[in-house]
1. Please go through region 99-136 and pick out each residue that is surrounded by 15 or more Cβ atoms within 10 Å (Cβ to Cβ) and assigned to a strand (DSSP E or B).
2. Residues to consider are Ala24, Ala57; find the one that is under 23 Å from Arg82 (Cβ atoms) and either of a type outside the set (Gly, Ala, Ser) or touching a strand residue (DSSP E or B) at 6+ places or on another chain (Cβ under 7 Å) (or both).
3. Can you confirm whether Pro96 is surrounded by 18 or more Cβ atoms within 10 Å (Cβ to Cβ) and at pLDDT 95 or above?
4. Out of curiosity, is Val45 in a helix (DSSP H, G or I), under 13 Å from His11 (Cα atoms) and β-branched (Val, Ile, Thr)?
5. Testing Ala31 on (1) assigned to a loop (DSSP other than H, G, I, E, B); (2) closer than 19 Å to Ser114 by Cα; (3) in contact (Cβ under 8 Å) with a residue 24 or more places away in the chain, one condition comes back false. Which one is that?
6. All but one of (1) in contact with a helix residue (DSSP H, G or I) (Cβ under 9 Å, 6 or more places away or on another chain); (2) touching a residue at least 60 places away in the same chain (Cβ under 8 Å) hold for Arg18; which doesn't?
7. Would you mention how many residues in region 48-97 are part of a loop (DSSP other than H, G, I, E, B) and of a type in the set (Ser, Thr, Tyr)?
8. Quick check on region 3-11. Is at least one of its residues assigned to a helix (DSSP H, G or I), crowded, with 18+ Cβ neighbours inside 10 Å and touching a residue at least 40 places away in the same chain (Cβ under 8 Å)?
Amino acid sequence: MTVLAVLADTHIRRGSSRRLPDAAYALLEGADVILHAGDIVVSDVLDELRGFAPVHAVLGNNDVELAGLLAETWVDDVGGVRIGMVHDSGPAAGRPGRMRRRFPDAEVVVFGHSHIPWDEEGLDGQLLFNPGSATERRAQPQHTMGVLVVEDGRVVRHQILVV
(Lines give C-alpha, C1' and ligand atoms only; values in the text may rest on other atoms or scores of the structure.)
Protein backbone atom coordinates (compact mmCIF):
# COMPACT_ATOMS: atom_id res chain seq x y z
CA MET A 1 0.00 0.00 0.00
CA THR A 2 1.23 3.49 -0.92
CA VAL A 3 -0.23 6.63 0.68
CA LEU A 4 0.03 9.84 -1.32
CA ALA A 5 -0.56 13.20 0.36
CA VAL A 6 -1.79 15.68 -2.25
CA LEU A 7 -1.40 19.46 -2.00
CA ALA A 8 -1.84 22.44 -4.29
CA ASP A 9 -1.95 26.20 -4.04
CA THR A 10 -0.17 26.57 -0.71
CA HIS A 11 1.13 30.06 -1.66
CA ILE A 12 3.61 30.16 1.23
CA ARG A 13 5.99 33.08 0.74
CA ARG A 14 9.39 33.57 2.34
CA GLY A 15 9.10 35.62 5.51
CA SER A 16 5.35 35.05 5.75
CA SER A 17 3.66 33.71 8.87
CA ARG A 18 1.53 31.42 6.69
CA ARG A 19 2.19 27.74 7.27
CA LEU A 20 0.43 24.45 6.70
CA PRO A 21 -2.19 23.60 9.33
CA ASP A 22 -1.26 21.04 12.00
CA ALA A 23 -3.75 18.58 10.47
CA ALA A 24 -1.86 18.78 7.17
CA TYR A 25 1.42 17.97 8.93
CA ALA A 26 -0.23 14.95 10.54
CA LEU A 27 -1.24 13.68 7.08
CA LEU A 28 2.23 14.35 5.68
CA GLU A 29 3.78 12.27 8.46
CA GLY A 30 1.86 9.23 7.22
CA ALA A 31 2.62 9.76 3.53
CA ASP A 32 4.87 7.59 1.39
CA VAL A 33 4.81 10.13 -1.46
CA ILE A 34 3.78 13.80 -1.66
CA LEU A 35 2.30 15.40 -4.76
CA HIS A 36 2.09 19.19 -5.07
CA ALA A 37 0.10 20.59 -8.01
CA GLY A 38 1.76 24.00 -8.10
CA ASP A 39 1.71 27.49 -6.62
CA ILE A 40 4.31 26.44 -4.10
CA VAL A 41 5.97 29.88 -4.53
CA VAL A 42 9.34 29.23 -2.80
CA SER A 43 11.75 26.31 -2.75
CA ASP A 44 11.76 26.29 1.07
CA VAL A 45 8.32 24.66 0.97
CA LEU A 46 9.61 21.86 -1.24
CA ASP A 47 12.56 21.37 1.12
CA GLU A 48 10.20 21.13 4.08
CA LEU A 49 7.95 18.62 2.31
CA ARG A 50 10.95 16.48 1.35
CA GLY A 51 11.55 16.02 5.06
CA PHE A 52 8.40 13.87 5.14
CA ALA A 53 8.56 11.84 1.90
CA PRO A 54 9.67 12.03 -1.74
CA VAL A 55 7.98 14.98 -3.47
CA HIS A 56 6.75 15.35 -7.04
CA ALA A 57 5.64 18.86 -7.94
CA VAL A 58 4.69 20.92 -10.99
CA LEU A 59 5.12 24.58 -11.78
CA GLY A 60 2.21 26.87 -10.94
CA ASN A 61 1.50 30.33 -12.32
CA ASN A 62 2.87 31.93 -9.10
CA ASP A 63 6.04 29.82 -9.02
CA VAL A 64 8.38 32.40 -10.58
CA GLU A 65 11.26 31.39 -8.28
CA LEU A 66 10.85 27.74 -9.27
CA ALA A 67 10.89 28.26 -13.05
CA GLY A 68 13.51 25.97 -14.52
CA LEU A 69 13.38 23.70 -11.46
CA LEU A 70 9.89 22.28 -11.99
CA ALA A 71 8.18 21.09 -15.14
CA GLU A 72 4.68 22.22 -16.13
CA THR A 73 3.49 18.63 -16.15
CA TRP A 74 4.53 15.40 -14.47
CA VAL A 75 3.57 11.83 -15.35
CA ASP A 76 4.79 8.67 -13.65
CA ASP A 77 3.70 5.40 -12.10
CA VAL A 78 3.20 5.32 -8.34
CA GLY A 79 2.41 1.91 -6.92
CA GLY A 80 1.45 0.67 -10.36
CA VAL A 81 -0.98 3.55 -11.02
CA ARG A 82 -0.23 6.04 -13.80
CA ILE A 83 -0.64 9.58 -12.44
CA GLY A 84 -0.49 12.84 -14.39
CA MET A 85 -0.23 16.25 -12.79
CA VAL A 86 -0.62 19.84 -14.01
CA HIS A 87 -1.34 23.09 -12.21
CA ASP A 88 -4.12 24.56 -14.36
CA SER A 89 -6.61 22.17 -15.93
CA GLY A 90 -8.70 24.99 -17.39
CA PRO A 91 -12.41 25.60 -16.86
CA ALA A 92 -14.64 22.87 -15.44
CA ALA A 93 -16.60 22.76 -18.69
CA GLY A 94 -14.74 20.38 -21.00
CA ARG A 95 -12.19 19.38 -18.36
CA PRO A 96 -12.74 15.60 -18.67
CA GLY A 97 -11.96 15.63 -22.39
CA ARG A 98 -8.99 17.98 -22.05
CA MET A 99 -7.40 15.90 -19.31
CA ARG A 100 -7.97 12.64 -21.20
CA ARG A 101 -6.29 14.16 -24.27
CA ARG A 102 -3.44 15.69 -22.27
CA PHE A 103 -2.83 12.58 -20.15
CA PRO A 104 -4.15 9.72 -22.30
CA ASP A 105 -2.51 6.95 -20.24
CA ALA A 106 -3.11 8.41 -16.77
CA GLU A 107 -5.57 6.74 -14.45
CA VAL A 108 -5.47 9.80 -12.17
CA VAL A 109 -4.94 13.47 -13.03
CA VAL A 110 -4.03 15.79 -10.16
CA PHE A 111 -4.44 19.53 -10.67
CA GLY A 112 -4.78 22.77 -8.74
CA HIS A 113 -5.10 26.48 -9.58
CA SER A 114 -8.78 27.01 -8.77
CA HIS A 115 -8.48 26.24 -5.03
CA ILE A 116 -11.73 24.29 -5.51
CA PRO A 117 -11.59 20.70 -4.21
CA TRP A 118 -12.52 18.27 -6.98
CA ASP A 119 -12.79 14.49 -6.79
CA GLU A 120 -14.74 13.21 -9.78
CA GLU A 121 -14.55 10.62 -12.49
CA GLY A 122 -13.64 11.98 -15.90
CA LEU A 123 -13.70 10.11 -19.22
CA ASP A 124 -13.20 6.36 -19.28
CA GLY A 125 -12.86 6.16 -15.50
CA GLN A 126 -9.97 8.64 -15.26
CA LEU A 127 -10.00 10.22 -11.78
CA LEU A 128 -9.79 14.03 -11.78
CA PHE A 129 -8.46 15.21 -8.42
CA ASN A 130 -7.88 18.73 -7.08
CA PRO A 131 -7.00 18.82 -3.37
CA GLY A 132 -8.06 22.45 -2.96
CA SER A 133 -5.78 24.50 -0.73
CA ALA A 134 -4.60 23.80 2.81
CA THR A 135 -3.67 27.46 3.33
CA GLU A 136 -5.70 29.74 1.04
CA ARG A 137 -9.30 28.63 0.78
CA ARG A 138 -10.54 31.71 -1.11
CA ALA A 139 -14.30 31.22 -1.61
CA GLN A 140 -14.27 27.66 -0.32
CA PRO A 141 -15.74 26.94 3.12
CA GLN A 142 -12.68 25.09 4.45
CA HIS A 143 -8.96 24.46 3.96
CA THR A 144 -8.42 21.09 2.30
CA MET A 145 -5.85 18.65 0.99
CA GLY A 146 -6.14 15.23 -0.58
CA VAL A 147 -5.13 11.65 0.05
CA LEU A 148 -4.79 8.91 -2.53
CA VAL A 149 -4.15 5.34 -1.45
CA VAL A 150 -2.78 2.94 -4.03
CA GLU A 151 -2.67 -0.81 -3.56
CA ASP A 152 -2.06 -3.66 -6.00
CA GLY A 153 -1.93 -1.29 -8.98
CA ARG A 154 -5.20 0.51 -8.33
CA VAL A 155 -6.50 3.48 -6.37
CA VAL A 156 -8.36 2.05 -3.40
CA ARG A 157 -9.11 5.40 -1.75
CA HIS A 158 -9.34 9.00 -2.95
CA GLN A 159 -10.48 11.61 -0.52
CA ILE A 160 -10.50 15.35 0.05
CA LEU A 161 -9.88 16.09 3.73
CA VAL A 162 -10.50 19.23 5.77
CA VAL A 163 -7.27 20.41 7.43
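1. Once the filter is applied, which keeps residues that are surrounded by 15 or more Cβ atoms within 10 Å (Cβ to Cβ) and assigned to a strand (DSSP E or B), region 99-136 yields Val108, Val109, Val110, Trp118, Asp119, Leu127, Leu128, Phe129, Asn130.
2. It is Ala57.
3. yes
4. Spelling it out, Val45 is indeed in a helix (DSSP H, G or I), under 13 Å from His11 (Cα atoms) and β-branched (Val, Ile, Thr).
5. (2)
6. (1)
7. Here the count works out to 1.
8. Applying the first criterion (assigned to a helix (DSSP H, G or I)) to region 3-11 yields none.
Looking through region 3-11, none of the residues is assigned to a helix (DSSP H, G or I), crowded, with 18+ Cβ neighbours inside 10 Å and touching a residue at least 40 places away in the same chain (Cβ under 8 Å).
The values are calculated or read from the model by the stated rules, or taken from the named source; none is laboratory data. Quick caveat, the model's predicted, so the values are computed rather than measured. All Cβ positions, glycine included, derive from the backbone under ideal geometry; neighbour counts span all protein chains shown.
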